[in-house]
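One structure is given below, encoded as structure tokens.
The values are calculated or read from the model by the stated rules, or taken from the named source; none is laboratory data. Bear in mind the structure is a predicted one, so any value in this text is a computation, not a measurement. Every residue, glycine as well, gets a Cβ built from its backbone with ideal geometry; the counts of neighbours run over all protein chains shown.
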Amino acid sequence: MSEIFDFLFEQYNTYSKLDITLEIIAVFFGFLSVWYSKQNKIWVFPTGMISTIIFVYLLYKWDLLGDMMINAYYFIMSVYGWYIWTRKVDEVDVTPISLTTTKEKKVSVAIFFAALLFVFIVYKAFDKWTTWVAYVDTITTGIFFVGMWLMAKRKVENWLFWIVGDLISIPLYFYKGFTFTSFQYFGFTFIAIFGYLAWKKNLNKTQLTS
């Protein structure tokens, strides 16, 4: 048992207690945010903002620039999403769950490639384009940028991007030495699968009653 524990958490011996505590708090609020998103509840945004702002600090300190930019982007898109989710489309209803339009698909492609280019430039500028981790980090940034934008727009397909990004992030964060965050993405994967099914059910129900 001790061997397993050491394998998972030995790297934390070099971390400060403050950083470990902050990571656990960020993971907790991250779970809350994804759970509220699955439930289609507005609390997805304030809980997510708490998680992301902590991760921005930690990832900057850990020199993980791509991950830091993902979380900074999450924070900005949370503000935007909070507005979209509470905006009334008529006198009674707020923005509903819907499928991605052709125009939004084109925007998603543009966001993905713009994110790749932006992260690449940042990594090169800070001379961090040195390992395979930078390549994977850049790709996950593009995936998560699209997923967050689609979630803010309340599009069902956002969950598909989260699932792919989460699956990549599980081993990536473990390799980087952040076991708690790796566990977070493991949990996120299952919530995202159920979130996709729940949003599809919500959409189908709305279409039947409209």
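Quick notes on this one:
- Screening Tyr123 against (1) among the hydroxyl-bearing types (Ser, Thr, Tyr); (2) modelled with pLDDT under 90; (3) under 22 Å from Thr206 (Cβ atoms); (4) surrounded by 15 or more Cβ atoms within 10 Å (Cβ to Cβ) leaves a single unmet condition, (3).
- Taking each residue of segment 9-23 that is closer than 15 Å to Phe55 by Cα and free of Cβ contacts under 8 Å to residues at least 60 places away in the same chain and looking for partners that are part of a helix (DSSP H, G or I) and charged (D, E, K, R) with beta-carbon atoms closer than 8 Å, six or more apart or interchain, yields Asp19/Lys61.
- Restricting attention to segment 170-192, the residues being surrounded by 16 or more Cβ atoms within 10 Å (Cβ to Cβ) and either closer than 30 Å to Pro96 by Cβ or among the aliphatic types (A, V, I, L, M) (or both) number 9.
Conditions (1) touching a helix residue (DSSP H, G or I) at 6+ places or on another chain (Cβ under 7 Å); (2) of a type in the set (Lys, Arg); (3) more than 29 Å from Ile20 (Cα to Cα), marked per residue:
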| position | (1), (2), (3) |
| --- | --- |
| Thr52 | yes, no, no |
| Phe55 | yes, no, no |
| Tyr73 | yes, no, no |
| Thr100 | yes, no, yes |
| Val107 | no, no, yes |
| Val122 | yes, no, no |
| Phe126 | yes, no, no |
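- Any hit, segment 16-38, residues being surrounded by 14 or more Cβ atoms within 10 Å (Cβ to Cβ), over 16 Å from the mean Cα position of the chain (by Cα) and not in a helix (DSSP H, G or I): no
- Some residue of segment 146-154 being more than 14 Å from the chain's Cα centre (by Cα) and more than 22 Å from Leu65 (Cβ to Cβ): yes
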